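Below is one structure, written out as structure tokens; comments come after it.
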Amino acid sequence: MSDDPTLLPWLAMPLAQGLALRAHALLLHGPGGVGQFELGLALAAGWLCEAADDASRPCGHCASCRLMATQAHPDFHLLLPEALREPLGWGTAEEGGEGDSGTRAGKSKARPSKEIRVEAVRAAIEWGQRTSSRGRAKVMLIHPAQAMNLIASNALLKTLEEPAGRLRLVLTAHDPEALLPTVRSRCQRLRLELPPWAQSLAWLTARGVARPEVLLAAAGGQPLEAVAMAADGLDGDAWERVPAVVRRGSAAVLADWPLVRLIDALQKLCHDLMCVRAGTPPRYFGLATLSPMTADDSPAWAALAQWASELTLASRHDEHPWHAGLRCDALVGQASRLWQTPRSPAPLRGAPLDTLGAR
Ligand SMILES: [Zn+2]
């Protein structure tokens, strides 16, 4: 098994499983913030590694591994939406690299695309047909596969079915059901599970994340998502304040959160309030943290369901160039109004009210 210290610790086992598979097309799926992209890169490095001992691949030292580490391996091709290049450290969005950059005047001013364009897929297929430069294999990583629209997905089908020479493809998907059935059926699947809680906590602690248990819960147990939240300026204290702040309608406290994060937090809050209503444990917020919203009364189920669908709608427009402050006011106002309409009393289940604190 690879002992690469840069590998996320929970990926060692799935990496060994993936490297052992014979499939020429592999679909990595499961929760998003666990490292599908990182596993895809490690698999590519492993298949391309030139170490004599295949048990230690990827070795991290050979010429091939060094080329992978510097993003310069001629037998590795990455299909990534422009919008993900900078966040993932694979060049800036302006650099493109999808095979179609620079073909449209004024494109650099546009918001980086979240799609993997058909032109990029066609260029990748053409790359796949060339002979391997270093003579071992060729690997194409498509992340995330759902970023390919219908035309791009269809363009890939023949290559997925009969890859030229020693080409291997790795696709990632948060939800395989979002892919074309014809794409899904041509891939062998490898599911990436949530890492063990203690392992994620230890990893977050080693990275200097404060109150990692709060952020890890906030991220639904996905450690990379917890790190992304911390990088966006959220911390455990801020997260725990959300229910009380929303209950009071104090939008100003949340005004500097990125809109995507605010909507995500409200969706998780709504989810947890539904859990409490249903008598099941909340997932993203501690029970005590939710007490300002549930201790005296709680919105009716129908009101929560309505709020959930309004938030889903809001999440589809989270990049609309509305004034972020106004959007924040509107979203928090919408939430706090849930407590201003007549409702039935719903005492918090599972904990005595006087132990809840955090008012
Ligand atoms: Zn190597």
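Couple of notes before you dig in:
- The residue pairs whose first member lies in the stretch 280-296 and is closer than 14 Å to residue 221 by Cβ and modelled with pLDDT of 90 or more, whose second member is surrounded by fewer than 20 Cβ atoms within 10 Å (Cβ to Cβ) and among the aliphatic types (A, V, I, L, M), and whose beta carbons are closer than 8 Å, counting only pairs six or more residues apart or on different chains, are 281/287.
So that you can scan it fast, the table gives a plain yes or no per residue for (1) among the aliphatic types (A, V, I, L, M); (2) touching a residue at least 24 places away in the same chain (Cβ under 8 Å); (3) part of a loop (DSSP other than H, G, I, E, B):
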| position | (1), (2), (3) |
| --- | --- |
| 160 | yes, yes, no |
| 177 | no, no, no |
| 201 | yes, no, no |
| 239 | no, yes, no |
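- Set 43, 21: member being exposed (fewer than 15 other Cβ atoms within 10 Å of the Cβ) and under 26 Å from residue 165 (Cα atoms): 21
- Scanning the stretch 179-192 for residues that are assigned to a strand (DSSP E or B) and either more than 21 Å from residue 225 (Cβ to Cβ) or in contact with a helix residue (DSSP H, G or I) (Cβ under 8 Å, 6 or more places away or on another chain) (or both) yields 188, 189, 190.
- Residue in the stretch 30-48 that is nearest to the chain's Cα centre (by Cα), counting only those that are of a type in the set (A, V, I, L, M) and within 10 Å of the ligand (Cβ to nearest atom): 45
- For the stretch 59-91, the tally of residues that are more than 19 Å from the chain's Cα centre (by Cα) and either buried (at least 19 other Cβ atoms within 10 Å of the Cβ) or on the phi < 0 side of the Ramachandran plot (or both) stands at 18.
- When 51, 72, 55, 23 are checked against the criterion of being outside any helix (DSSP H, G or I), within 15 Å of the ligand (Cβ to nearest atom), modelled with pLDDT under 95 and among the hydrophobic types (A, V, I, L, M, F, W, C), 51 stands alone in meeting it.
- Checking residue 170 against (1) of a type outside the set (Phe, Trp, Tyr); (2) surrounded by 14 or more Cβ atoms within 10 Å (Cβ to Cβ); (3) assigned to a helix (DSSP H, G or I); (4) under 19 Å from the mean Cα position of the chain (by Cα), the condition it does not meet: (3)
- Close pairs from the stretch 54-67: first touching a residue at least 24 places away in the same chain (Cβ under 8 Å), partner among the small types (Gly, Ala, Ser) and not in a helix (DSSP H, G or I), Cβ under 6 Å, at least 6 apart: 57/51; 58/2; 59/51
- Among the numbered conditions (1) near the ligand (Cβ under 10 Å from one of its atoms); (2) within 23 Å of residue 124 (Cβ to Cβ), the only one that residue 62 does not meet is (2).
- Checking residue 225 against (1) farther than 18 Å from residue 21 by Cα; (2) surrounded by 21 or more Cβ atoms within 10 Å (Cβ to Cβ); (3) within 15 Å of the chain's Cα centre (by Cα), the condition it does not meet: (2)
- Test: residue in the stretch 147-158 that is assigned to a loop (DSSP other than H, G, I, E, B) and either closer than 22 Å to residue 47 by Cβ or touching a Pro at 6+ places or on another chain (Cβ under 6 Å) (or both): no
The values are calculated or read from the model by the stated rules, or taken from the named source; none is laboratory data. Not measured: the values here are computed from a predicted model. Virtual Cβ from ideal backbone geometry, glycine too; neighbours counted across all protein chains shown.
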